[in-house]
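The structure under discussion appears below in the form of structure tokens.
Just so it is clear, none of the values below were taken in a lab; they were calculated from the coordinates. If you're wondering where the values come from, they're calculated on a predicted model, not measured in any experiment. Counting neighbours? That spans all protein chains shown, and the Cβs are built from the backbone with ideal geometry, glycine included.
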Amino acid sequence: MNSRLESDITKHWGTAREPLLSIVCPTYNHEHFVAQTLDSFLAQQTDFPFEVVINDDCSTDGTTAIVADYAQRYPTIIKPQFHSENQYQQGNHPCPGLFRIAQGKYIAFCEGDDYWTDPFKLQKQVDFLESHLDYVLTYHDAMAFNEHGVQGIQLQGKGQRDATGLELMKGRAISTLTVCFRNVLHEMPRELRGAPLNDLVWWALLGAHGKGKYLGDIAPAAYRVHLGGVFSMCANKKKLQMTLHTYGALANYYFRIGNQPLYEHCQMQLFGLSLSAISPLHKLQALAQVVRNVSINLMRRVSAPARG
């Protein structure tokens, strides 16, 4: 466990004690991982105060005791949220409820089975956001690994660059455990509350507030792939269904607010994902149906009487 005292962590904060940044950390049955996660938070070297809002969703292993121990040793930094009943199993994701109670101007996110490797990560991200008001989000690389070793960097190619607001609103892929963003996600639109891929929804909503900055000088965070991972160990078919559900929710949201281009983008995503989910024979049948529908619509337009 980390041997740093709370006074060692706060000594560079001056007289300020109101957190400028909140680290939001959901955890469940992470007994073997959560201490490393919290140590990576406490290793952060910043000239501003931060808090750790950690949500233990009624773990059945030793996670709760570990979180309580850290909260006792770092009482002004670590602020635990405990539950008597598992909220996720009741369909209640802890976010953005945790975002609402976070006191910081900025939010950094990391689940209790992942961890950070760069002690200056938060300082670099906050410094950028403080001086670039047209950006709402910063992110960097993450390295996936399991018990057999490193699996590779999550972001590849175009993922290693900045994102426009429009790209974020379209659901740009970002390594969730690397983000630091402005604390503006206070309410979730009704269409998006049940969307399985919460992070994709967050980026879409944040895109309405600004751009995303890729910071390549931050060491990759560590994304743990293990049997208890909610998403990482899902079968590909299950991941596809979760993605379909999420884009359907986004399509409904954009339709309600009257954003036709983004509504159509989500419908195109749904179409492509739906095709990938069905057999080759059904793909051909679906494409034939599309061609028939387009032909009928075109014929209706051509044959419609001209208006004077």
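Worth a mention:
- Which of SER59, SER84 has the fewest Cβ neighbours within 10 Å, and the rest in rising order: SER84, SER59
- Nearest-20 debye value, segment 238-303 charge dipole, Cβ charges on Lys, Arg, Asp, Glu: 100 debye
- For q = 0.09 Å⁻¹, Debye-computed log10 I/I(0) when each Cα of segment 55-210 counts as one equal scatterer: -0.33
- Whole-Hz Karplus values for segment 245-258 come out as 4, 5, 5, x, 5, 5, 4, 5, 5, 5, 5, 5, 8, x Hz, taken residue by residue from phi with 6.51 cos²θ - 1.76 cosθ + 1.60 and θ = phi - 60°; glycine and proline positions read x.
- Rounded to two decimals, the Cα radius of gyration of segment 238-303 over 2.2 N^0.38 Å is 1.31.
- A cut-off of 5 Å between modelled amide H atoms, ignoring neighbours fewer than 5 places along the same chain, links HIS30 with THR63.
- Radius of gyration and maximum dimension Dmax of the chain, Cα, Å: 22.0, 82
- Set of lysines with alpha-carbon distance to LYS213 below 26 Å, sequence-local pairs under 8 removed: LYS105, LYS121, LYS124, LYS158, LYS170
- Dividing the summed helix terms, -39500 (n - 2.57) for each DSSP H run of n ≥ 4, by the number of residues in the chain produces a 222 nm estimate of -12000 deg cm²/dmol to the nearest 500.
- 5 angstrom amide H check on PHE109, placed H, neighbours 5+ away: VAL24, VAL179
- Simple Cβ-charge dipole of the chain, Lys/Arg +1 and Asp/Glu -1, about Cα centre, in debye nearest 20: 1780 debye
- Built amide H within the under 5 Å cut-off of ASN259, gap 5+: none
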